[in-house]
Amino acid sequence: MKLEGKIALVTGGRGGIGRAIVARFLREGATVYAADLSPEGSLAQHDADGSRFVEMDVADEGAVQAAMSQVQAEFGKLDILVNAAGIEIEKTIEETSLEEWNRSFAVNCTGTFLTSKYALPLMRAAAKSGTSASLINFGSYDGFIADPGLAAYCATKGAVHALTRAMACDHGPEGIRVNAICPGYIDTPMLQSFFTGDGSGGEGGNIDTLQQAVRDVHPMRTYGTPEDIANLVNWLASDEARYASGQLWVLDGGLSAQVQQMKL
Amino acid sequence: MEKQTAIVTGGSRGIGRAIVDRLLADGHNVVTCGRGERPKDLPEAAVWVQADVSKTDDAAALIKTANTTFGQITLLVNNAGVQVEKTVADSDDDDWDLVMNVNCKGVFNMCRAALVDMAEQGGNIINIGSISGVVADPSMALYNASKAFVHGLTRSIAVDHGPKVRCNAIRPGWIMTEMAEDGFALARDPEQAMADALARHPVGRFGEPKDIANMVAWLASDQSTYVSGECFTVDGGMTAASPLNPGLF
């Protein structure tokens, strides 16, 4: 068990990817707080998994402070913070309302800022114990190259990438490693919404055909699972990754390694 | 802008020819080369040297011709390149030798020969890389790798030989040349393939050789005197978009 004795908090911890990370951390022996808007999260159901649920809107400063105070009171340190909470507005900038734009940044960027800001004292305390603390943000391959009709999402993820490097510079000397995972197509409620949502190609088409076509564009001929992401998060959270910091870890089955695939 | 003595390798056709035409139009002296005879339609003002850039002696002879015909070479455009459409498993030693000799050793040879004078007296080197050196085209393994070499060498020359020498690379995307047209002709449904490929270009068209020549002209100009060590992508926005575009299915 790689994470024995470690205290971890995962935002979006009851969502598609966050839930897999929580489950993996628990298996690796960590004590895990799963922070989310509701105990069910985006999957709308939840079986007890041994994690400690914290109700938290990452964009709400008071809620973030309260959660970190709870961790402070219960353990006095935080070894691992995973900022997995995120939302996706499937629109071009012309279609995006100011409210939707602001909400995208509030959750994806401000949320990452707030949880990190208030977790830092706890992570410093963890780093003093001798091993480095690990902060893991969620960027996206969309922060490098664009999917159509996802403008605000692409922009927030690019911002997270830059924030990740900035935090790695600022807090590395304090023993805190900061990395971002940049997933490609991962089978989550968010992806299913993208397949069936307006203007994403789902209309008038057969969803199975669409999904197969998407798989076929990937060099690995499949899209990823939340567990694939949890595998790398687990490594980055562990002491094996003690020299890994400031990096953007793309995990997309090779999708972005290739040039556009012409149908020749 | 001062009149340059320019060498453009591989100027017989395609992107290289467009670069030759543009540099001549901008008033520069141009020497170009290829492995064959002088092309009949090459503008009279351009000096032709039959040369294989992968041969060290040929590279030196090319520089010498430029120096004696027009005076000290000030601009080198390494455009000559070959491609072999194979995976690693399918590639044999001859494929390796061909691609690496022309695309890698050729660029190296020309840079080394030009730097003998450029390192002292200054100069400008522009290498033609490829988007394929950043993201992979399927079944083009050696070509993709050779273009990544070009990008790496570009940065090294900029770092080692600045401030006297500027060195940059251009990464073209899909440029409509005879080579690209052959690709579409082989498609199961050429019309459909063309439409699909077009849809992946945010600017709504394929590139033309002169799109690359435009960038060369800018990099050769006094507008770019602070630009060095960069690899600029000119691909109509293709690689800015995800290769997975559900709107296309």
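FYI, it's all coordinate maths here, none of it is from the lab. What you see is a predicted model, and the numbers here were worked out from it, not measured in a lab. Note that we place each Cβ from the backbone using ideal geometry, even for glycine, and neighbour counts take in every protein chain shown.
Evaluated at q = 0.30 Å⁻¹, the base-10 log of the normalised Debye intensity for segment A:207-264, with identical point scatterers placed on the Cα atoms, takes the values -1.23.
Hey, quick one: spin label on B:MET1, modelled 7 Å out along Cα-Cβ, who in segment B:151-171 has an amide N within reach, i.e. under 16 Å? Residues passing the 16 Å test: B:166-170. For segment B:107-128 and segment A:179-195, what is the centre-to-centre distance using only Cα atoms, to the nearest Å? A separation of 47 Å, based on Cα centres. For segment B:145-158, backbone phi angles converted through the Karplus equation (6.51, -1.76, 1.60; θ = phi - 60°) give residue-by-residue couplings of 5, 5, 6, 5, 4, 4, 5, x, 5, 4, 5, 4, 5, 4 Hz, Gly and Pro being listed as x. In this rough spin-label picture, where each label sits 7 Å from Cα along the Cβ direction, the A:PHE195-A:ARG221 distance is 1.8 nm.
Summary of the geometry: segment A:38-77 and segment B:1-76, compared by the centres of their Cα atoms, lie 68 Å apart.
Take every Cα pair under 8 Å in chain A that's 6+ residues apart, average their separations, divide by the length, and report that relative contact order as a whole percent. Display every interim value, and only then the final one.
Values: 529 pairs, mean separation 50.8, N = 264.
Relative CO of chain A lands at 19 percent.
Using only Cα coordinates, the Kirkwood hydrodynamic radius of segment B:200-249 works out to 12.9 Å.
With the Cα gyration tensor of segment B:3-96 giving a ≥ b ≥ c as the square roots of its eigenvalues, does the rule (a/c under 1.5 for rounded; else a/b larger than b/c for prolate; else oblate) give rounded, prolate or oblate? Prolate, because a/c is 1.5 or more and a/b exceeds b/c. Comparing B:GLY81, B:ALA114, B:VAL99 along the charge dipole axis of segment B:65-189, the residue lying farthest to the positive side is B:ALA114, per the Cβ-charge model.
Only the Cβ atoms of Lys and Arg (+1) and of Asp and Glu (-1) were treated as charged; on that basis the dipole of segment B:11-137 about its Cα centre amounts to roughly 460 debye. For the residues of A:246-259, the average number of beta carbons from a partner chain within 10 Å of their own beta carbon is 3. Here the simple spin-label model places points 7 Å from the Cα toward Cβ, and for B:ASP97 and B:GLN223 these points are separated by 4.4 nm. Counting Cβ atoms of other protein chains within 10 Å of each Cβ in A:180-187 and taking the mean gives 1. Working note: Cα atoms of segment A:112-223, range along each principal axis, descending, whole Å: 56, 27, 21. Packing, as the average of other Cβ atoms within 10 Å across residues, places the peptides A:110-121, A:81-92, A:50-61 in the order A:81-92, A:110-121, A:50-61, highest first.
Over all directions, what mean area does the Cα convex hull of segment B:94-249 project, stated in square nanometres? Write out the running numbers ahead of the final one.
On the way: hull surface 41.5 nm².
Spelled out: convex hull of the Cα atoms, projected over all directions, averaged, 10.4 nm².
The helix-based estimate of mean residue ellipticity at 222 nm for chain A, built from -39,500 (n - 2.57) per DSSP H run of four or more residues and divided by its residue count, is -12500 deg cm²/dmol to the nearest 500.
The distance separating the Cα centre of segment B:206-231 from that of segment A:204-264 comes to 34 Å. Within the protein assembly as shown, the proportion of Cα pairs with more than 37 Å between them is 42 percent. Direction-averaged projected area, Cα convex hull, segment B:1-158: 9.4 nm², rounded to one decimal.
Under the Kirkwood approximation for Rh and a Cα-based Rg, what ratio Rg/Rh is obtained for chain A?
Values: Rg = 18.0 Å, Rh = 18.7 Å.
Rg/Rh: 0.97.
Judged by the ratio a/c of the largest to the smallest principal axis of the C-alpha gyration tensor, segment A:1-74 counts as oblate, that ratio being 1.5 or greater while a/b is no larger than b/c.
The alpha carbons of segment A:1-155 occupy a box of 49, 31, 29 Å along the principal axes, longest dimension given first.
With the convex hull drawn around the C-alpha atoms of segment B:74-120, the volume per residue stands at 64 Å³.
Give the calculated FRET efficiency between B:SER156 and A:ALA162 to the nearest 0.05, with a Förster radius of 30 Å applied to their Cβ-Cβ distance. Once rounded, the FRET efficiency stands at 0.65. Residue by residue along B:132-141, Cβ atoms of other protein chains within 10 Å of the local Cβ number 3 on average.
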